[in-house]
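Bear in mind these aren't lab numbers, they're just calculated from the coordinates by the rules spelled out. It should be emphasised that the depicted structure is a prediction, and the values quoted were computed from it without experimental measurement. Please note: Cβ atoms are built from the backbone with ideal geometry, for glycine as well, and neighbour counts cover all protein chains shown.
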Amino acid sequence: MEFQLVGVVNAVNIANFYNGVILADSVGLGKSFMASAVIEEFLYGKHPTWIVNNEKEPAVLLILPPSIISQWEELLIGRMDEDIKNRLSNKEKIKPLSDYFLKDNFKRLIKKQENNKTYEIYDENGEKILGKISFLSLGIFQNMKEGEIRRLAEEYDLFVIDESHKYRNKNTNRWKNVRILQKKSDNFPNRFMLLTATPLNNSINDIFNIIRLFVDDTFAPFRIKGIPITDLIKRYRDLKRELEKRDDDKIRKNLRRVATEIKQKVLDEIMVLRTRKYIMEQFKDLKVNGKPLVFKDPKPYALDYSPFYTKDYQSLIDLIGRKLDSILFEYTKLYGTRFVVFEEESVDEEEEKRHYIEIADLFKLLLGKRLESGIYPFETTLRRIYEKEKIFYEIFKTQMSGILSEKSLRDTIKDAVERAKIKKELEEVLEEYTVEEEDEETWFDRVVRILLEYADDLKEEGKQYSNIELLRLGLERVLDNLETDLKITDEIIQELDKLKEKSNAKPEAFWIDLEHKQERIVPKGIGNYKTLGMIPRKEEDIINLPIFCYHNDPKLESLKQ
C-alpha cells in the first residue's frame with residue numbers, strides 16, 4: 001500500500017543516517033511488511049553502503065521470539081508444507097510458493113538447528129547467490145557469549161529485531177549483546193530495524209535505552225543535527241526526581257514540556273510512527289481491491305461468565321484455588337538454575353536492581369494465564385507438566401540404586417531433562433516473562449546444593465554420611481515431592497474429567513491404543529469422551545493430546561450471547 005511504501009522510504013532514510021530505525025506504526029499497519037520490503041531491497045543490492053565492501057554478499061539476521069519465527073519465514077522464504085520442509089532439509093535449491101517477498105527467488109536451507117536457521121537467497125534462475133537470511137530466537141541470542149556475538153557482528157550487516165520493547169532494560173544480557181552488534185571490528189557500522197507496537201507505553205528511560213541499541217554513546221548523528229539528546233534526557237530525569245520529592249504543578253508542567261520536546265526532537269527523528277487516524281487523514285484516496293480503505297473501530301463487549309459457572313465448574317475453580325500453590329513443580333528444580341528479573345531502572349540510574357525467581361513460580365504464573373484463557377488451554381498445559389514430572393519420578397525411582405557417584409547422578413538428571421524436553425519448554429516461558437538465566441553457578445552445582453539442603457533436613461543426627469549418600473538422601477526428598485506433585489495434579493485432572501462431554505459412539509481402536517500407550521496422561525476410558533481431533537504436536541511435546549469438549553464451557557457459552 002502507498003502508506004507502507006512511504007514508511008519504507010522513511011525507514012531507509014533514517015537507517016542511512018542513524019544506522020538504525022524504530023518501526024512503531026500502530027498494530028495492523030504492516031510493520032513486518034515494511035521491514036520485509038527493506039530486507040528484499042537490501043538483498044537486491046539497493047543499499048550498497050550498508051555493506052563493508054563490494055565482495056561481501058548481503059547478510060540479514062532476524063532476532064525473534066520463537067513463536068513468530070514461522071510467520072517471518074512465510075513472509076521471506078515462502079509457505080512451508082511438509083514437501084517443502086523435506087526438500088529444504090535435503091539442501092535442495094527450490095522456489096517455495098509465496099504471496100509476499102522474494103517470491104521469484106530460489107532459496108536453500110544451509111543451517112537448521114532448533115530456532116536457528118539460515119537460508120541462502122538466489123536470483124530467479126537459481127544461479128547467482130544474492131545473500132543470506134538467518135532466523136534466530138531471542139532465547140538463544142541472549143545466552144550467547146561475547147565471542148559468539150562479535151562473530152555475528154562480522155558476519156551480518158542488517159539486524160532485524162521484532163518486539164524490541166523486550167530490550168528496554170540496559171542491565172539484561174539481550175541489551176548488552178545487541179550493543180556489541182553495533183560495529184564490525186574495523187568500526188564499520190551495522191544497520192538495525194527495531195519493531196515495536198508499544199513505544200509510547202514505555203518510559204523515557206526505556207525509549208532512550210532502545211535508541212542506544214543502534215546509536216553509540218557519542219550520539220554523533222544527533223549532535224551533527226544539533227539535537228541535544230543527552231541534555232534533554234538529563235533535564236527529564238532531574239524534573240522527574242524533583243517531582244518525586246514534592247508534588248508541584250509547575251514541575252509537572254515543565255516535565256510535560258520536556259517530554260514533548262524529546263518526542264519532537266528525538267523520537268520523530270528515529271521512529272516511523274503512524275496511527276490509523278494519521279493514515280486516514282494523509283492518504284484519503286487510498287483503496288484496497290478497488291474499495292476505499294476503512295479502519296473499523298473495535299466494538300467492546302462486556303462478557304459475564306457467572307451465569308455459566310455450574311456447580312462442577314465452581315468445584316474445579318475452588319480446587320485449583322486450594323491446590324495450585326501446593327504444587328512444587330519439583331522437576332523444574334532439577335534443570336538446575338534460577339532466573340533473574342530486572343526491576344525498572346530508577347530515574348537516578350543507580351546500581352542495577354534485580355531479584356531472583358524460581359522456575360516453579362513462572363509455571364504457576366503460566367497456569368494462571370492459561371486458566372484465564374479457558375479450561376482447555378489450562379488442561380493441556382497441566383497435562384504436559386504432569387507427564388514431564390512423571391518421567392522424572394519414574395527415572396529416579398528405577399535408577400536410584402545405580403547412582404553411586406556424582407557422574408552417575410549428573411548423567412541420570414541429564415537423561416531426565418532430555419527425555420522430558422524441558423529446555424525448549426523453559427525457553428518459551430522465559431521469553432514470555434522477559435527474564436534471564438542466572439549464570440553465577442553451573443546447573444549441576446546448583447542441583448547438588450539443592451540436594452544437600454534437602455539431605456540436611458533428613459539426615460540422622462550423629463550418623464556419618466559420604467557425599468554421594470547425602471545426595472541420594474536428597475533425591476529421596478525429590479521423589480517425595482514429585483509424588484506429591486503428581487497426586488495433586490491428578491486430583492485436578494480428575495475434576496477436569498467431570499466437565500467433559502461423554503461420547504455415545506463406540507471407542508475407536510486409535511483412542512484405545514493411545515490410552516494404552518500413554519497410561520495416565522490420557523484419561524482412563526478416553527473413548528468415552530467426545531473429541532474433535534488432536535492438537536498439533538509441538539517440539540517440546542512428549543505426548544499427543546486430543547481436543548476435548550466440555551459441558552457448557554463458560555467461555556464458549558458467554559461468546560454465544
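Need one number: nm distance between label points at Glu460 and Asp104, each 7 Å from Cα along Cα→Cβ, rounded to one decimal.
8.3
Each residue of segment 378-391 in order: what ³J(HN,Hα) in whole Hz does its phi give by Karplus 6.51 cos²θ - 1.76 cosθ + 1.60, θ = phi - 60°, with x for Gly and Pro?
Karplus values, whole Hz, x for Gly and Pro: 5, 5, 5, 5, 5, 5, 4, 4, 4, 5, 5, 5, 5, 4.
First select every other residue whose beta carbon is under 12 angstrom from the beta carbon of Ile413; then total the charges, Lys and Arg +1, Asp and Glu -1.
Combined, the nearby Lys, Arg, Asp and Glu give +2.
Along the Cα→Cβ direction, 7 angstrom out, place labels at Asp268 and Glu476. What is the inter-label distance in nm?
Reported label-point gap for Asp268 and Glu476 is 7.3 nm.
A 20 angstrom limit on the alpha carbon distance is what I want to check against. Which of Lys103/Lys128; Lys56/Lys183; Lys111/Lys166; Lys56/Lys184 exceed it?
As for pairs spanning more than 20 Å Cα to Cα, those are Lys111/Lys166.
Work out, step by step, the length gained on full extension between Ser326 and Asn13: first 0.36 nm times the residue separation, then minus their alpha carbon distance; give nm to one decimal.
Using 0.36 nm per residue and subtracting the Cα-Cα distance, I get 107.1 nm.
Taking 7 Å along the Cα-to-C-beta vector as the label spot, tell me the Lys253-Arg410 distance in nanometres, rounded to one decimal.
Spacing of the two 7 Å Cα→Cβ label points: 6.8 nm.
Using the beta-carbon distance between Arg223 and Ile94 and R0 = 35 Å, what value does 1/(1 + (r/R0)^6) give for FRET efficiency, to the nearest 0.05?
0.10
Could you tell me the distance between the Cα centroids of segment 355-424 and segment 32-85, to the nearest Å?
36
Can you list the equivalent-ellipsoid semi-axes of segment 1-111, largest first and in whole Å, using the square root of 5 times each Cα gyration tensor eigenvalue?
Result for segment 1-111: semi-axes of 25, 18, 12 Å.
Here are some pairs, Lys117/Lys170; Lys117/Lys369; Lys388/Lys463; Lys225/Lys250; Lys95/Lys145; Lys364/Lys487; which of them have Cα atoms lying more than 25 Å apart in this structure?
From the list (Lys117/Lys170; Lys117/Lys369; Lys388/Lys463; Lys225/Lys250; Lys95/Lys145; Lys364/Lys487), the Cα-Cα distance tops 25 Å for Lys117/Lys170; Lys117/Lys369; Lys388/Lys463; Lys225/Lys250; Lys95/Lys145.
Output wanted: per-residue J couplings in Hz (rounded whole) for segment 58-67, from phi through Karplus 6.51 cos²θ - 1.76 cosθ + 1.60, θ = phi - 60°, x for Gly and Pro.
x, 9, 10, 10, 9, 9, 9, x, x, 5
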